[in-house]
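Asker: The structure's right below; bear with me while I get my questions together.
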Amino acid sequence: MSKEQLLIFDTTLRDGEQSPGAAMTREEKLRIARQLEKMRVDIIEAGFPAASPGDFESVRAIAEVIKDSTVCGLSRANEKDIARAGEAIKPAARGRIHTFIATSPIHMQMKLRMEPEQVIEQAVKAVKWARQYTDDVEFSPEDAGRSETDFLCRVLEAVINAGAKTLNIPDTVGYNIPQGWGELFKTLRERVPNADKAIWSTHCHNDLGLAVANSLAAVLNGARQVECTINGLGERAGNAAVEEIVMAVRTRKDLFPVETRIDATQIVPASRLVSQITGYVVQPNKAIVGANAFAHESGIHQDGVLKHRETYEIMRAEDVGWNTNKLTLGKLSGRNAFKTKLQELGIDLASEEALNAAFAKFKELADKKREIFDEDLQALVSDELVTPAVEHYKLVSSKFHSETGEAPLAELTLAVGGVEQRAKSTGSGPVDATFLAIESVAGSGSDLLLYSVNAITTGTDAQGEVTVRLSKGGRIVNGQGADTDIIVASAKAYLNALNKLYAGPERVNPQL
Ligand code: KIV
Ligand code: ZN
């Protein structure tokens, strides 16, 4: 039986970024966009250009470099937002505008304060405005999951006539259950007279833990695009997870009449990259990308797998990118090999200076760590991707003292705006002492919201990757740092977060 294509629309950079504290810089978004392209995502929703100049610039930068995926910008249903989105996606090889307006009684009455007829009129106008910039226009009736079916049918018929090519049906508040969600798709496709003129898409939130199940129910009822995010990142409980959708469709070929063009071996690298950049750690028992997703603990299971793998495994770890931890480079690798490897990983360091600095760090790391993997390199270059203009605080050197019965002590030399300053503090532990020492110089007045440490690879010589989330005056930033010494990694992460606060906001408000 020949299969229809299921389009994967990744919204990690837009809906995913709406997770508290997950705001990303333009460089970080570019790295993720490149990885999504490598993974062969069909459409990348790169952001919401009207939200702020920073968002606009990010979408535009992604539109300039991504060639193999469609680049999409989100906009509310007004002319100004749509013009911004149109401008941002202009350089794209293939650009899409995704416009939306709410259609549920509660949203129309309480949020929009519009009559249903006005909403239809605005939706139609929005699609026509968007068509002035691109033929590829997607429309979403926000909160479709709580909208009246008759009204939805009228809105959707009207926007198809106005030129929408994709109809995305969002369960904005994650209220639906699979059976009802599947039936809604069936009903809409039967009752909207011009239904066959558009691709039907599903966009599910995970408030009841049903985002993936609902999305798959929609696919079984005619949806041919799924909107999803890496690791299920997203507003509140998140969105449907890309990796689960892709692997469900692939593993249960017998049930789904569709296939995706995703390169599944890029799933784990994408998951790690998003986790590293946003500071959202993946739970160990998360399907597909959790550390335990392919681990067998019980003796009976281990015995079964050894005798015949399929006794307890429905997928192969290597097919989703586990164990592809490639030994990348060694101590003797030269600058050219290093540069080529970075290019392969989709990392584009802006200047020769940044490349030299990253290469020097690589040599330092190679002295401390026998084997250097792709993940080590990803972590290592993170610092160089922060533009020097915002590197106001820099770690020059550090000394830590920790002894039973003594208060841990951190002594640091920092470069602050290019001027060296010494900082010293004790604390309840070495990390606490380090942060207090930094604050004694920076005096940022920020609150620490999150501190997390992860080993990047296996082995006791692995680099520790630290995320620090700081909040100040309503802004939340994530800082990252990696080092074989986790106290040094912690200091780097804290300084990275301070640099982001110091650089000022890239965006006003990621929320819609
Ligand atoms: O959840 C939602 O309704 C959205 C829309 C903008 C599609 O993210
Ligand atoms: Zn959403």
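The values are calculated or read from the model by the stated rules, or taken from the named source; none is laboratory data. The shown structure was predicted, so the numbers you read here are calculated from the model rather than taken from an experiment. Cβ sites come from the backbone with ideal geometry, for glycine too, and all protein chains shown count toward neighbours.
Asker: Which ones in the range 137-162 are within 16 Å of ligand 2 (Cβ to nearest atom) and not aliphatic (A, V, I, L, M)?
Answerer: Of everything in the range 137-162, those that are within 16 Å of ligand 2 (Cβ to nearest atom) and not aliphatic (A, V, I, L, M) turn out to be E138, F139, S140, P141, E142, D143, G145, R146, S147.
Asker: Continuing with this model, one more query. Within the bounds of the range 55-65, is there any residue that is more than 24 Å from the chain's Cα centre (by Cα), of a type in the set (D, E) and either surrounded by 21 or more Cβ atoms within 10 Å (Cβ to Cβ) or part of a loop (DSSP other than H, G, I, E, B) (or both)?
Answerer: No: the range 55-65 contains no residue that is more than 24 Å from the chain's Cα centre (by Cα), of a type in the set (D, E) and either surrounded by 21 or more Cβ atoms within 10 Å (Cβ to Cβ) or part of a loop (DSSP other than H, G, I, E, B) (or both).
Asker: Mind telling me which of the residues T426, T458, T467 ends up being closer than 30 Å to P269 by Cβ, surrounded by fewer than 21 Cβ atoms within 10 Å (Cβ to Cβ) and not charged (D, E, K, R)?
Answerer: T458
Asker: Filter the range 2-20 for residues that are within 15 Å of ligand 2 (Cβ to nearest atom) and surrounded by 24 or more Cβ atoms within 10 Å (Cβ to Cβ) and give the result.
Answerer: Of everything in the range 2-20, those that are within 15 Å of ligand 2 (Cβ to nearest atom) and surrounded by 24 or more Cβ atoms within 10 Å (Cβ to Cβ) turn out to be F9, D10, T11, T12, L13, R14, D15, G16, E17.
Asker: Taking R236 as meeting all but one of (1) within 15 Å of ligand 2 (Cβ to nearest atom); (2) buried (at least 24 other Cβ atoms within 10 Å of the Cβ); (3) more than 26 Å from F294 (Cβ to Cβ), write down the number of the exception.
Answerer: Answer for R236: the failing condition is (2).
Asker: Here is a follow-up. Looking for whichever is surrounded by 13 or more Cβ atoms within 10 Å (Cβ to Cβ) and modelled with pLDDT of 85 or more here; the options are L409, L380, L385. Which one fits?
Answerer: Going through L409, L380, L385 in turn, the sole match is L409.
Asker: Cβ-Cβ distance below 6 Å, separation of 6 or more or different chains: which pairs start in the range 169-181 with a residue that is more than 16 Å from D15 (Cβ to Cβ) and end on one that is small (G, A, S) and away from ligand 2 (no atom under 15 Å from the Cβ)?
Answerer: P178/A213; P178/A217; W181/A217
Asker: Another question, if that's okay. Of the conditions (1) touching a Leu at 6+ places or on another chain (Cβ under 8 Å); (2) on the phi > 0 side of the Ramachandran plot, I438 clears all except one; give me its number.
Answerer: Answer for I438: the failing condition is (2).
Asker: Can you say whether R191 is within 23 Å of the chain's Cα centre (by Cα), more than 16 Å from ligand 2 (Cβ to nearest atom) and more than 30 Å from A291 (Cβ to Cβ), as far as the supplied structure shows?
Answerer: no
Asker: In this structure, does T134 turn out to be within 16 Å of ligand 2 (Cβ to nearest atom) and touching a strand residue (DSSP E or B) at 6+ places or on another chain (Cβ under 9 Å)?
Answerer: no
Asker: What about Y502, is it surrounded by fewer than 18 Cβ atoms within 10 Å (Cβ to Cβ), within 29 Å of the chain's Cα centre (by Cα) and aromatic (F, W, Y)?
Answerer: Against the criterion (surrounded by fewer than 18 Cβ atoms within 10 Å (Cβ to Cβ), within 29 Å of the chain's Cα centre (by Cα) and aromatic (F, W, Y)), Y502 qualifies.
This table checks each residue for (1) in a loop (DSSP other than H, G, I, E, B); (2) touching a helix residue (DSSP H, G or I) at 6+ places or on another chain (Cβ under 9 Å); (3) at pLDDT below 95.
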| residue | (1), (2), (3) |
| --- | --- |
| E420 | no, no, no |
| S425 | no, yes, no |
| D432 | no, no, no |
| V453 | no, yes, yes |
| T457 | yes, yes, yes |
| V466 | no, yes, yes |
| L470 | no, yes, yes |
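Asker: Then there's this: For the range 208-218, which positions are within 11 Å of ligand 1 (Cβ to nearest atom) and either of a type outside the set (G, A, S) or at pLDDT below 95 (or both)?
Answerer: Within the range 208-218, none qualify.
Asker: Let me ask you something else. Name, by its number, the condition in (1) more than 18 Å from E235 (Cβ to Cβ); (2) within 12 Å of ligand 1 (Cβ to nearest atom); (3) not charged (D, E, K, R) that does not hold for F100.
Answerer: (1)
Asker: Can F48 be described as modelled with pLDDT of 95 or more, touching a helix residue (DSSP H, G or I) at 6+ places or on another chain (Cβ under 8 Å) and surrounded by 23 or more Cβ atoms within 10 Å (Cβ to Cβ)?
Answerer: Taking the combined requirement at face value, the residue satisfies it.
Asker: I would also like to ask the following. What number goes with the only condition from (1) part of a helix (DSSP H, G or I); (2) surrounded by 12 or more Cβ atoms within 10 Å (Cβ to Cβ) that A295 does not pass?
Answerer: Against the list (1) part of a helix (DSSP H, G or I); (2) surrounded by 12 or more Cβ atoms within 10 Å (Cβ to Cβ), A295 comes up short only on (1).
Asker: Would a scan of the range 21-36 turn up a residue that is within 16 Å of ligand 2 (Cβ to nearest atom) and part of a helix (DSSP H, G or I)?
Answerer: There is no residue in the range 21-36 that is within 16 Å of ligand 2 (Cβ to nearest atom) and part of a helix (DSSP H, G or I).
Asker: Which count do you get for residues in the range 230-267 that are more than 20 Å from Q35 (Cα to Cα), within 15 Å of ligand 1 (Cβ to nearest atom) and assigned to a helix (DSSP H, G or I)?
Answerer: 0
Asker: Tell me the residue from G346, G417 that is among the small types (G, A, S) and surrounded by 13 or more Cβ atoms within 10 Å (Cβ to Cβ), please.
Answerer: G346
Asker: Could you please find all residues in the range 194-207 being touching a strand residue (DSSP E or B) at 6+ places or on another chain (Cβ under 9 Å) and either away from ligand 1 (no atom under 16 Å from the Cβ) or not in a loop (DSSP other than H, G, I, E, B) (or both)?
Answerer: Selection gives A195, I199, W200, S201, T202, H203, C204, H205.
Asker: Can you tell me which of (1) away from ligand 2 (no atom under 16 Å from the Cβ); (2) of a type outside the set (G, A, S); (3) crowded, with 22+ Cβ neighbours inside 10 Å; (4) within 28 Å of A130 (Cα to Cα) is the one V249 doesn't meet?
Answerer: All conditions pass for V249, except number (4).
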